[in-house]
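Report on the following structure.
The values are calculated or read from the model by the stated rules, or taken from the named source; none is laboratory data. Because the structure is a prediction, the values reported are computed rather than measured. Counting neighbours? That spans all protein chains shown, and the Cβs are built from the backbone with ideal geometry, glycine included. For the accessible areas, the whole protein counts, side chains as well, though only heavy atoms, and no ligand, DNA or RNA atoms are used. Shrake-Rupley method; radii C 1.70, N 1.55, O 1.52, S 1.80 Å.
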Amino acid sequence: MTSPPLLPEWTPFSSVIRIYFAGITIAALLAGTLPFLKKSILDYGKLNEKPTGHQHNTPNEQSLSDRLALALRSLTVPKYWFAHFYVWASLWMAYLTVDLYYLCRSPGDDAQTLFDRPWSFLLLLQHFGVSVGVQPLSINTVPWFLLGLNFLHVLRRWYESWYVERPSPTARMHVGHYLIGITFYIAVPPALWIDAVEHPERVIPFWSLPPGRALMVGVGTVLFFWAYYHQFACHCILASLRPKAQSRPQQDAVAAAKKDDDSPTTKSVYRVPHGDWFNYFVCPHYVAEMLIYVAYYIIASASLNSPQGSTTLLIVLGWVISNLGVVARETAAWYRTKFGDQWTSKDLSTPQGNTPPRQRWILVPYVY
Ligand SMILES: NC(=O)c1ccc[n+]([C@@H]2O[C@H](COP(=O)([O-])OP(=O)(O)OC[C@H]3O[C@@H](n4cnc5c(N)ncnc54)[C@H](OP(=O)(O)O)[C@@H]3O)[C@@H](O)[C@H]2O)c1
């Protein structure tokens, strides 16, 4: 089953992935800068809470941009749908890894068509003129190792979102945010291997890595597991701030919260977190996420004979840093407004008897 590609020239899959990540990075930076987008799309979960005493203008007093922002803002889904990302990411990772395995097992432009494997997403891409690269990628190479690490990451996030986190039944996120989350997890697995699959001549097999590069893989792996552990610890701390009864968002809790906005369900939802990396950062779980992607970049680059390392993963890292940087900055402002002295006070002891520091970094010690 062969038919001419729809695009005039073969488009490298890496270009599609890079353009996607560059596009969502620009969108995140715009959402963090332009008040209209910030008001309507960026704020989600607790950032959507209105400050006490906030007065709505009557519809006649609202400007056109206010009304547009309000309409755009109303397109939301429950914030606890975050869990969908990780279920989806785990299943997609597993499927795409099998797909890649078959593609690499029997390489050759003409050898494989959709007719042979109609379930193959990668062959479907080739059918539409997006070149994935069909050179053999030995199992003895770093991209397979990276896929394993990312699989561990999304499986843990799945476990956390089902069994550890205690999400608010009323918190919302914008539907655009939800769609970016789903598409992000479609694009991450191929981003981990595309530079290697498109340029197999640059890939250094695992057991032939020179000592310096092997050390880079080791450092990246330690960094990954260090961040992995602390992200789990921070999600446990956030969960411990809420009573167990809120562990699963129940329909009746949503109904109760809607009926009485002062009910304990909504009233005691957010507290000041302390302990582990919360003693140093506003959003340490975001710091851990960032370090996980730094680790991916280090590991992928160590195995590629290319001066800039894995360009695709560098662009992915740019997205993770800018997106989480923007949200973490808003979160820091939200904590200061909501908790005032309680947020910064040096005298406030944690239940464990630790004293939280006066200042927490947003994402990067001494810098941001
Ligand atoms: N790779 C990426 O691009 C990317 C993007 C976004 C997120 N993530 C990762 O996904 C994870 C979750 O992100 P998120 O933005 O949902 O984090 P978040 O807003 O901090 O929420 C995490 C959980 O903790 C709860 N929570 C947050 N602050 C709380 C407080 N002060 N008191 C009590 N409970 C609190 C939230 O409840 P609510 O239900 O009320 O919100 C939610 O259940 C993070 O580890 C992050 O790194 C990755």
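Could you give me the residue pairs with C-beta distances under 8 Å whose first residue belongs to the stretch 148-171 and is under 22 Å from V217 (Cβ atoms) and part of a loop (DSSP other than H, G, I, E, B), whose second residue is open to solvent by 50 Å² or more (accessible area, probe 1.4 Å) and near the ligand (Cβ under 8 Å from one of its atoms) wherever it lies, and which are 6+ apart or on separate chains?
none
Can you name the residue in the stretch 288-311 that is within 15 Å of the chain's Cα centre (by Cα) and open to solvent by less than 10 Å² (accessible area, probe 1.4 Å) and, of all such residues, is nearest to G325 (Cα to Cα)?
Of everything passing the filter in the stretch 288-311, A288 is nearest to G325 (Cα to Cα).
Looking at G133, G129, which one is open to solvent by less than 50 Å² (accessible area, probe 1.4 Å), modelled with pLDDT under 95 and touching an Asp or Glu at 6+ places or on another chain (Cβ under 7 Å)?
Working: G129 fails: touching an Asp or Glu at 6+ places or on another chain (Cβ under 7 Å).
After applying the criteria, what remains is G133.
May I ask you to verify whether A253 is within 20 Å of the chain's Cα centre (by Cα) and at pLDDT below 95? Before the answer, list the steps.
Working: within 20 Å of the chain's Cα centre (by Cα): no; at pLDDT below 95: yes.
Judged against the criteria, A253 is not a match.
Quick one: in the stretch 326-368, of everything that is hydroxyl-bearing (S, T, Y) and under 20 Å from V287 (Cβ atoms), which residue is modelled with the lowest pLDDT?
Step one: of the stretch 326-368, the residues hydroxyl-bearing (S, T, Y) are 331, 335, 337, 344-345, 349-350, 355, 366, 368.
Keeping just the survivors that are under 20 Å from V287 (Cβ atoms) gives 331, 335, 344, 350, 366, 368.
Working: T331: 90, Y335: 88, T344: 63, T350: 52, Y366: 80, Y368: 82.
Step by step, filter the stretch 326-368, then rank; the result is T350.
Tell me, yes or no, whether the stretch 10-27 has at least one residue that is in a helix (DSSP H, G or I), charged (D, E, K, R), out of contact with any strand residue (DSSP E or B) (no Cβ under 6 Å at 6 or more places or on another chain) and at pLDDT below 75.
Quick first cut of the stretch 10-27, residues in a helix (DSSP H, G or I) only: 13-27.
After this cut, where a residue has to be charged (D, E, K, R) as well, the list is 18.
From the residues that got through so far, the ones that are out of contact with any strand residue (DSSP E or B) (no Cβ under 6 Å at 6 or more places or on another chain) too are 18.
After this cut, where a residue has to be at pLDDT below 75 as well, the list is none.
The answer is no, given that none of the residues of the stretch 10-27 is in a helix (DSSP H, G or I), charged (D, E, K, R), out of contact with any strand residue (DSSP E or B) (no Cβ under 6 Å at 6 or more places or on another chain) and at pLDDT below 75.
Name the single residue, out of those in the stretch 142-167 being among the β-branched types (V, I, T) and buried (at least 21 other Cβ atoms within 10 Å of the Cβ), that is farthest from the ligand (Cβ to nearest atom).
The first filter runs over the stretch 142-167 and keeps only residues among the β-branched types (V, I, T), leaving 142, 154, 164.
Then drop every residue that is not buried (at least 21 other Cβ atoms within 10 Å of the Cβ), which leaves 142, 154.
Working: V142: 21, V154: 10 Å.
That would be V142.
Report, by residue number, each residue of the stretch 186-206 that is part of a helix (DSSP H, G or I) and open to solvent by 20 Å² or more (accessible area, probe 1.4 Å). Break it down stepwise before answering.
Narrowing the stretch 186-206 to residues part of a helix (DSSP H, G or I): 186-198, 200-202, 206.
Of everything in the stretch 186-206, those that are part of a helix (DSSP H, G or I) and open to solvent by 20 Å² or more (accessible area, probe 1.4 Å) turn out to be I186, E198, P200, E201, R202, F206.
Let me confirm something: among V130, V142, which residue is touching a Phe, Trp or Tyr at 6+ places or on another chain (Cβ under 6 Å) and among the hydrophobic types (A, V, I, L, M, F, W, C)? Let's see the steps before the verdict.
Working: V142 fails: touching a Phe, Trp or Tyr at 6+ places or on another chain (Cβ under 6 Å).
The match here is V130.
Since I299 meets every condition but one in (1) touching an Asp or Glu at 6+ places or on another chain (Cβ under 9 Å); (2) modelled with pLDDT of 90 or more; (3) within 22 Å of G212 (Cβ to Cβ), which condition does it not meet?
Only one criterion in (1) touching an Asp or Glu at 6+ places or on another chain (Cβ under 9 Å); (2) modelled with pLDDT of 90 or more; (3) within 22 Å of G212 (Cβ to Cβ) is unmet by I299, namely (1).
Do we find that A245 is under 30 Å from W162 (Cβ atoms), open to solvent by 70 Å² or more (accessible area, probe 1.4 Å), modelled with pLDDT under 90 and within 16 Å of the ligand (Cβ to nearest atom) in this structure?
yes
What number of residues within the stretch 168-184 are under 10 Å from the mean Cα position of the chain (by Cα), open to solvent by 20 Å² or more (accessible area, probe 1.4 Å) and within 11 Å of the ligand (Cβ to nearest atom)? Please lay out each step first, then the result.
Here is the first cut: in the stretch 168-184, the ones under 10 Å from the mean Cα position of the chain (by Cα) are 180-182, 184.
Still in the list and also open to solvent by 20 Å² or more (accessible area, probe 1.4 Å): 180, 182.
Restricting the remaining residues to those that are within 11 Å of the ligand (Cβ to nearest atom) gives 180.
Within the stretch 168-184, residues that are under 10 Å from the mean Cα position of the chain (by Cα), open to solvent by 20 Å² or more (accessible area, probe 1.4 Å) and within 11 Å of the ligand (Cβ to nearest atom) number 1.
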